[in-house]
Structure formats: structure tokens, C-alpha cells
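The values are calculated or read from the model by the stated rules, or taken from the named source; none is laboratory data. In this text, all values refer to a predicted model and were calculated from it rather than measured experimentally. As a convention, Cβ positions derive from the backbone with ideal geometry for all residues, glycine included, and neighbour counts pool all protein chains shown.
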């Protein structure tokens, strides 16, 4: 497994005071009741009326979705209007694997809310680091557990308890560039629907000049997912990462061989990996906008995050990832998730912030801003979100088949060997079967170790 980034064990609550949205202070409440600024945690007696809660919340969030400005700032301002004694101190943190949270919790100074990858929620739950949200979901205004997408809930549920709330999930599709298609005499609004068709279109949209690759037909790993993108055709071909019980890793199987063999054929059709990887030194989205890449496999959100900022008038085709013969619809999707650290002393106020985020007008405003999938099925399927937009309609159609990595305890250690499978094949010349067998053994060993500790 690749070395983890160094952890700053000096992380403290003082660190998160860099950005303060709303000044908050302790206040003397009605009937001379004084509510202390650290209050609101579990075990402090009967819950207080929301108006009587005073808290300064330390929120660690993904830098893509700030809560001290933009839409996130507006949501916090709405919370402040309802509860003047709650303030939010936002710190942008890339903490998808919860490494910073684990370090901060060990020092007794966790934030009140942390954004992690959804597949880490079970690990944090069984470690006793994340708060189980089920009682709050049963009684919480505006947040209904059964309305959250099952594919998201499955990641965050351990032994019947839910340990996270998703807020910015995504899924992937194929983007087709206009100019490369037209140069090949093809209709860019009709990308390939099958693996065989994608291979043929790849050949037609690949251009060599002076012995170098001037136009990429289709690099299956040219994506924000990078080498993880091999999982999408693996799932389409019927593969599963583990058995139903979550005790046995099932990587070295026929669906994986089938998917990786097809990917290798696509790569070889463009001169092989050494030729295909050469242009990767330049920005992949700029290359797509410039017509030097015919296809991308990426999230729906790059439409607004990456492509249109480079060219507001860009025209492109789009379609689901092409299917193998007899394949099933599947997708690769991340899941930005908020967890409440169990040691937070301000859980009541933190839950009020999450309720504000999940309030339907706010959630709609949030997903509109970031071109993301609504975490709730009711909003996702509503006219107010879809607005007769076929792009969004496809986004929602892909959600039931959305998957990610193994979300079981020890998730961070289970991921790397899976990610490394294509690297072993392409860079080290290892056979597909050997790469899968070795990865399966490594993941199984990590899973066995994690399950023994549960």
C-alpha cells in the first residue's frame, strides 16, 4: 500500500479558527439559564430547546464545497438567522480517508463535523469515532433515512447503525468531444453504446502525427478516477469486490479478467500504454476542450466544474458507459459524507446545521451550484431538480447502480491494492491474472485483519 501522507498531530480546535463565518458567544438565556459554549454533547441531561443552544461549531469540509462563502455560506447564514447563538468555523480539509480526524481525535480535539468519503463511515463507526445517527434520523426534521439513496446508505451502515450523511454524491458517464468526432465523420451526439462499438470508435478517433499521438481516441484511465476507473467495466461484467457476507474478496474472477482484457485492447489499438500515456503531462480537461481527446469517462459535475470554465460555449456528446454483451448497468460514484465525531460536545447544534443543509430548498440550491446528485431520492426525481434536462435525467438513472470501494471496516487499507491493479499490468508488465491474484490476496489479508479487530 502506498505510504499515507504525514499527519499533523498538532491539529487542535485552535486550528479551525482560521475562518469564522459568524461570531458566536455564550449568551444568558430566558429565565437566567446560562448555556456554555461547549454544551450540547451526549450525556448532559434532557435535550434543550433549539433556541437555547449556544455553540461555536468547528466544521472540516472538502475545499470544493466551502461553508464560509458561496452556497454553503448562505446555508450557514440561514442557520444563524434561526439560531443566533450558533456560529460556524469552517476549515477546508482534504480528509477523505479521515486521517486528520483520527489524529485530532487521538489528541482529544476532534471537529464537530468532518467531511469524509462515504465508504469510510463504517470504519469510523466500528472504531467508536463516529456518532450513530439513527435516533436523530427517526425524529429529525427534514432528514428521512428512507429517502436517501440505498447505494449511499449501504456504505454508511454498520450492524444496523448509520454513521454518516451524504451531501455531494456523484456518478460517471462518457463525454464525447465534437471536433474529433466530426473529423472522423461521426456524430458526437451519439457516443458508443457497447464495448465493441467503443473499440471501433476509438480506432477512428485516434490520430498519430510524426510518430506521436496527436489525438487520443479513448484512454480508459483518463479521468478524475484515474486507475480506479477499471472498476466500472468490472461491475458491468457482473463482478463484485466481495461475497454477500463481506468476508471473502472476489477480485480474481472472470468479470475482472473480461474487463481488463477489453481495456487492454482499447489501449493497444492506440499504440500501447507507453504511447498513450505520453500526452498525460498536460491538463486533461484542456485537451478535451481543445479537441485533442475524443472521450473522457468522468463525473457529471465536470460539466460545470472543469469544462465550461475553460469554454462556456463547449458542445459535447454524452452517454452512459458502454456495456459489454449481456452486461448490467453499473456506475462508479464517490460520496462526500458528513460524520459527527462521537466525542463532539456540540452534537445538538451540529445536527441543526445538517438539518439546514438537508432542508429541500437549500439542498436544491447546493446541487444546482455544484452539478451534483441530490442525496435524497425525492428531490432527485422531482421536476424542480430535473427540469426536463436529459443530462440530469441520465444522472439519476445511473444512481441505483452506483458503487465505490469496499466500505467495510478497514476500508482505507482495502482500497490501494485495487487501485494498483492497472499499474501492475501497464507499468510492470504483470499479467492480468497475476495482478488480480496478488491484489485479491493483499485485500483479503487486510480485510481479515480488520474483521478480527471488530
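Residue 281 is checked against (1) more than 26 Å from residue 182 (Cβ to Cβ); (2) touching a helix residue (DSSP H, G or I) at 6+ places or on another chain (Cβ under 7 Å); (3) at pLDDT below 95 and fails just one. What number does that condition carry?
(2)
Exactly one of these conditions fails for residue 154: (1) surrounded by fewer than 18 Cβ atoms within 10 Å (Cβ to Cβ); (2) free of Cβ contacts under 8 Å to residues at least 60 places away in the same chain; (3) assigned by TED's automatic domain parsing to the domain that holds residue 121. Give me its number.
Going through the list (1) surrounded by fewer than 18 Cβ atoms within 10 Å (Cβ to Cβ); (2) free of Cβ contacts under 8 Å to residues at least 60 places away in the same chain; (3) assigned by TED's automatic domain parsing to the domain that holds residue 121, residue 154 breaks only (2).
Of all residues in the range 289-313, count the ones that are surrounded by fewer than 17 Cβ atoms within 10 Å (Cβ to Cβ) and in contact (Cβ under 8 Å) with a residue 60 or more places away in the chain. Write out each step before concluding.
Of the residues in the range 289-313, the ones surrounded by fewer than 17 Cβ atoms within 10 Å (Cβ to Cβ) are 290-291, 304, 308-313.
Pick out the ones that are also in contact (Cβ under 8 Å) with a residue 60 or more places away in the chain and you get 291, 304.
Residues meeting the conditions: 2.
I'd like the full set of residues that are surrounded by fewer than 19 Cβ atoms within 10 Å (Cβ to Cβ) and touching a residue at least 60 places away in the same chain (Cβ under 8 Å), limited to the range 200-225.
Listed by number, the residues that qualify are 203, 208, 212, 214.
Return yes when residue 327 is in contact with a helix residue (DSSP H, G or I) (Cβ under 8 Å, 6 or more places away or on another chain), outside any helix (DSSP H, G or I) and closer than 29 Å to residue 119 by Cβ and no when it is not.
So residue 327 fits the description; yes.
With a cut-off of at least 2 residues that are touching a strand residue (DSSP E or B) at 6+ places or on another chain (Cβ under 6 Å), name the helices (runs of 4 or more DSSP H) lying wholly within the range 253-310. Show your work before the answer.
On the way: elements: 254-268, 273-276, 284-289.
Filter on the range 253-310 gives 284-289.
Which condition number does residue 262 fail, the rest of (1) under 25 Å from the mean Cα position of the chain (by Cα); (2) farther than 23 Å from residue 391 by Cβ; (3) in contact (Cβ under 8 Å) with a residue 12 or more places away in the chain being met?
Failed condition: (1).
When you check residue 102 against the structure, is it in a helix (DSSP H, G or I) and more than 30 Å from residue 447 (Cα to Cα), yes or no?
no
How many residues are within 22 Å of residue 119 (Cβ to Cβ) and either in a loop (DSSP other than H, G, I, E, B) or touching a strand residue (DSSP E or B) at 6+ places or on another chain (Cβ under 7 Å) (or both) when one looks only at the range 84-99?
Going through the range 84-99 one residue at a time, the tally reaches 7.
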